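The block underneath contains the structure these notes are about, expressed in structure tokens.
The values are calculated or read from the model by the stated rules, or taken from the named source; none is laboratory data. As the structure is a prediction and not an experimental result, all values here were calculated from the model. Cβ atoms come from the backbone with ideal geometry, glycine included; neighbour counts cover every protein chain shown.
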Amino acid sequence: MLKSFSILQHSAVSIQNYMFQTIAVVGFGLIGGSLAMALRAASPDCRIVAIDTDAIASRAREIGAANDAGTDLALADGADLIVLAAPVRQNIAVLRDLAKRVRGEAVVTDVGSTKRAMVHAARDLPKRLHFVGGHPLAGAATGGLEAARADLFRGRPWILTAAADQPAVARLSEMVRAVGAQPCVMDPIAHDRMMAYVSHLPQLTVSALMHVVGERAGAEGLRLAGSGLRDSTRLASSPAGTWRDVTATNVDALGVAIDELITALRRLKRDLAAGDDLQEVFDAAASWKKTLDESEVPRTES
């Protein structure tokens, strides 16, 4: 069983002593936009800088999610926190350019679904840029700034990668708590292995399932589908672009997870007539589903 994380206990130091004053968010979509909204709600005096395309930067200013916005990474110069919230490989590219565009000292984090590649790339940062990998376990059926909301992270885990820079981890932990999430520390390797099972494999499985069903059933057949297919394929609307980066940066761990799923399906295929293995798999699945449901943190209203 994969298990390698620890929940960070709340310290006695007040959030005000740790809160960042200027936060630059590079990539202002669902996660980046939601973080900006949550930070403004938690600390109205903080300054948010949005860095994205012209259209998204303009929209960020228009809806009041950012004080300043533009396309140039140099806008992050002067921020005491820089959040990389683009797809993983874009974040890595930004990370490699960061030292040339940001002259001062800052804490740098990301919100990507894989951590090893980011942590590896961050080794080349100068010491004045303190990197701590991050991954908020929150999302929505649709992406983009228009889907962003201030309560997206409430009650959700927010993983921070193990790092020697404990002051940076402490500051980020308080920021995570300020937006309503629960910080925990995890080794990057353990993180990617765990996410391969609880996030990446489900996404690929659901997308493959919807592809096969859709191709064979067609529009007419899908009209006959019940709520079970709709409920089980909710993730099939996810954009491929983001997931191409996720899979490309977690090939080994995800490959093992896919092989294990294929083995389970082949086992069921061999046992279709007898149903003995089917009974065992279904019973185990029902038990684990109960555990999953019991672990869900209920959302509180804003």
Out of everything in segment 58-70 that is out of contact with any helix residue (DSSP H, G or I) (no Cβ under 6 Å at 6 or more places or on another chain) and in a loop (DSSP other than H, G, I, E, B), what residue ends up being surrounded by the fewest Cβ atoms within 10 Å (Cβ to Cβ)?
Gly64
Which listed residue is modelled with pLDDT under 90, buried (at least 17 other Cβ atoms within 10 Å of the Cβ) and in contact with a strand residue (DSSP E or B) (Cβ under 8 Å, 6 or more places away or on another chain), from Leu35, Leu8, Leu39, Leu73
Leu8
Regarding Thr142, is this residue crowded, with 18+ Cβ neighbours inside 10 Å and of a type in the set (S, T, N, Q)?
no
Taking first residues from segment 72-85 that are under 19 Å from Gly112 (Cα atoms) and second residues anywhere that are acidic (Asp, Glu) and crowded, with 17+ Cβ neighbours inside 10 Å, the pairs with Cβ under 8 Å that are 6 or more apart or on different chains are Val83/Asp110; Leu84/Asp110; Ala85/Asp110
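Among the helices (runs of 4 or more DSSP H) lying completely within segment 175-284, list those that include at least 1 residues that are under 30 Å from Phe20 (Cβ atoms).
Details: elements: 188-195, 201-222, 227-232, 240-248, 251-270.
The qualifying helices (runs of 4 or more DSSP H) are 188-195, 240-248.
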Within segment 12-28, restricting attention to residues that are farther than 16 Å from Ala106 by Cα and at pLDDT 95 or above, which residue is surrounded by the most Cβ atoms within 10 Å (Cβ to Cβ)?
Phe28
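Name the residue, out of Val119, Val94, that is touching a residue at least 60 places away in the same chain (Cβ under 8 Å) and within 22 Å of Thr22 (Cβ to Cβ).
Working: Val119 fails: within 22 Å of Thr22 (Cβ to Cβ).
Result of the check over Val119, Val94: Val94.
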